[in-house]
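Contents: one structure, followed by commentary.
The values are calculated or read from the model by the stated rules, or taken from the named source; none is laboratory data. A quick note: this is a predicted structure, and the numbers were derived from the prediction, not measured. Cβ: placed from backbone, ideal geometry, glycine included. Neighbour counts: every protein chain shown.
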Amino acid sequence: METDMLITNRKYIYLTVIISLTVGFLIHFPELVSLTDSREQQTLFPDMSTADVLFEAGYTFLALLALFALNTVLFGFNRPVVRMPWWKIGLSFILTWILSKISGEIFVFLHRHFDIPAIDAMVHHYLHPVRDFILSLIVTGSCYISYLIRQHQEILLQNGQLMAENVRNQYQALKNQLNPHMLFNSLNTLQSLVRENPEKAQNYIRELSRVLRYTLQENDMHIVTLREEMDFVEAYIFLMKMRYEDNLHFVLDVDSSWMDYCLPPLSVQTLVENAIKHNEISNRKPLTIGIRIVRQPDNGEISLQVDNNLQPRRTTAAGTGVGLANLSKRYALLLDKEIKITEAEGKFRVNIPLVKPQDIA
């Protein structure tokens with residue numbers, strides 16, 4: 001990532017040098033042409049030498065480089081993550097125009113006091129305000145266009161990462177639900193229920209089919225509503241409670257008013273599975289998992305909190321799900337949000353942000 005950033009910054013520097021060099025000579029193109037026409041040289045630019053034009057063009061080149069550098073430092077045109085509202089563009093143009101005029105005055109001062117070659121023709125001095133305007137337009141416009149190109153490239157890169165991450169998530173989530181270990185446990189539980197309680201066995205089959213259907217149908221979705229996710233989680237909870245019976249408890253406090261908020265699919269199930277996988281569940285130490293809506297005190301953001309009493313297993317089974325790290329990546333790529341993980345007072349908590357449908361790009 002750092003290498004890509006260095007390459008991109010190097011390209012930006014090369015671009016500013018090329019533009020400065022090109023504009024530095026094009027802006028003095030009339031004077032360059034007049035050097036080949038003796039009549040025009042006598043009327044428009046009297047007593048002008050080749051050194052005068054080259055010094056003017058060279059100074060313009062250096063001034064443009066300085067203006068590009070100043071705009072880059074002050075406004076961050078080379079950073080696509082920086083927002084660039086219209087007032088910043090206008091301020092950049094005005095500041096560049098003023099500095100361009102000042103640089104011209106400095107060159108005149110150097111010419112008069114240090115005999116630096118320069119064009120003394122009256123028409124050349126009359127054109128200076130127009131040239132200052134053109135130079136300011138070129139610098140600000142080039143910087144903004146470069147910013148837009150880099151921002152577009154950044155979006156394409158993020159979309160590519162998101163597609164790759166989504167493919168990995170689909171595979172991992174599908175493997176999580178259909179892996180032999182999970183099916184083996186489900187079939188064992190189902191076998192016991194068929195023998196002991198056929199009615200419960202039918203309910204178990206129905207909820208298992210809901211879990212598998214959600215995984216297969218919703219796994220290609222980037223975002224789902226909390227209502228869809230909680231319907232699936234309730235089916236998943238049913239399967240887990242059938243397996244662990246009274247040793248596993250759930251406390252759900254999710255008000256219906258938040259059900260239209262959105263989140264990545266399988267987010268809550270990932271956290272529930274993580275709690276079950278990493279904690280001891282027994283008669284001696286039953287596990288309680290809470291799922292509730294909370295409002296973050298620092299920014300007022302609505303999030304879903306999944307917590308459990310902390311009682312780590314002595315040996316933890318190898319993970320097969322998407323995991324907390326993967327969930328964090330999905331939130332960063334899909335919603336530009338961060339999940340919050342805390343461990344305090346014998347509790348393990350994970351807060352995952354909920355987003356309004358209208359706030360999703």
Looking at the range 235-248, is at least one residue surrounded by 14 or more Cβ atoms within 10 Å (Cβ to Cβ), under 24 Å from Glu345 (Cβ atoms), in the same structural domain as Lys200 (by TED's automatic domain parsing) and modelled with pLDDT of 90 or more? yes
So Leu252 passes all but one of these: (1) out of contact with any Ser or Thr (no Cβ under 8 Å at 6 or more places or on another chain); (2) buried (at least 20 other Cβ atoms within 10 Å of the Cβ); (3) not in a loop (DSSP other than H, G, I, E, B). Which condition number does it fail? (2)
Name the single residue that is modelled with the lowest pLDDT among those in the range 157-201 being closer than 30 Å to Leu333 by Cβ and charged (D, E, K, R). Lys175
Scan Asn283, Asn351, Asn309 and give me the residue that is more than 15 Å from Ile237 (Cβ to Cβ), exposed (fewer than 13 other Cβ atoms within 10 Å of the Cβ) and free of Cβ contacts under 8 Å to residues at least 60 places away in the same chain. Asn283
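Looking for something in contact with a Phe, Trp or Tyr (Cβ under 8 Å, 6 or more places away or on another chain), closer than 19 Å to Glu245 by Cα and buried (at least 18 other Cβ atoms within 10 Å of the Cβ) - is there at least one such residue anywhere in the range 288-299?
Yes, some residue in the range 288-299 is in contact with a Phe, Trp or Tyr (Cβ under 8 Å, 6 or more places away or on another chain), closer than 19 Å to Glu245 by Cα and buried (at least 18 other Cβ atoms within 10 Å of the Cβ).
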Of everything in the range 17-31 that's in a helix (DSSP H, G or I) and touching a residue at least 60 places away in the same chain (Cβ under 8 Å), which residue is nearest to Ile134 (Cα to Cα)? Val23
Of the residues in the range 314-361, those that are on the phi < 0 side of the Ramachandran plot, of a type in the set (D, E, K, R) and modelled with pLDDT of 85 or more come to Lys337, Glu338, Lys340, Glu343, Lys347, Arg349, Lys356
Selected residue [at pLDDT 80 or above, within 16 Å of Phe68 (Cβ to Cβ) and loosely packed, with under 13 Cβ neighbours inside 10 Å] from Ile138, Ile145: Ile145
Considering every residue within the range 322-341, establish whether at least one is of a type in the set (Ser, Thr, Tyr), part of a strand (DSSP E or B) and closer than 20 Å to Met230 by Cα. no
Quick check: is even one residue across the range 232-240 outside any loop (DSSP other than H, G, I, E, B) and of a type in the set (Asp, Glu)? yes
